[in-house]
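As structure tokens, the structure follows; a few thoughts come after it.
The values are calculated or read from the model by the stated rules, or taken from the named source; none is laboratory data. What you are looking at is a predicted structure, and each value in this text was computed from that prediction instead of being measured. Cβ placement follows ideal geometry from the backbone for every residue including glycine, while neighbour counts extend to all protein chains displayed. These area figures cover heavy atoms from the full protein model, side chains too; ligands, DNA and RNA do not enter into them. Shrake-Rupley method; radii C 1.70, N 1.55, O 1.52, S 1.80 Å.
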Amino acid sequence: PEMLIELAQLNQQTQGTSDQFPFVLLAGERRSYNANQIYRDPAWRKVDAEGRLRMNPEDAIHFGVETGHSLQCISEHGQIAVVVEIDEGMRKGVVSLPHGYGLRYNGGQAIGPELNRLTSLKHCDPLSKTPYHKYVPV
């Protein structure tokens, strides 16, 4: 019965972007050199060592951002440092970060984006309580 109630309310949901959070973050994109956290040594990554934030070229121009720029990616829940990569394949208003980064190797600093700092149990599936990783306003 709970699922039917939630299903009936889907068209009433208004969660989305705003002036404060103008992008939708796809948190946890699979890329050619990321995997789960069993891989600890970052030396195996041959490309995308920083786990760059991918952004549409038009959005980048609008915000004065270029590949290689460092930014803060901020959500309602937290913020992390990111490095930008302009990507023709991204839709306007959408940015993406890979999963499997943000680890500490041999006691060092986190390497790459720590995605869980951006997600929140407040913004989650009402039944499973899984955070909406593929739709995080940032």
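In the condition set (1) touching a residue at least 24 places away in the same chain (Cβ under 8 Å); (2) farther than 17 Å from residue 30 by Cα; (3) open to solvent by 50 Å² or more (accessible area, probe 1.4 Å), residue 118 is compliant with all but (3).
Inside segment 87-114, residues that are in contact (Cβ under 8 Å) with a residue 40 or more places away in the chain and farther than 16 Å from residue 48 by Cα make up a count of 3. Of the residues making up segment 62-91, those that are open to solvent by 80 Å² or more (accessible area, probe 1.4 Å) and within 15 Å of residue 21 (Cβ to Cβ) number 5. Evaluation of residue 128 against the conditions (1) surrounded by 13 or more Cβ atoms within 10 Å (Cβ to Cβ); (2) farther than 17 Å from residue 52 by Cβ shows that the sole unmet condition is (1).
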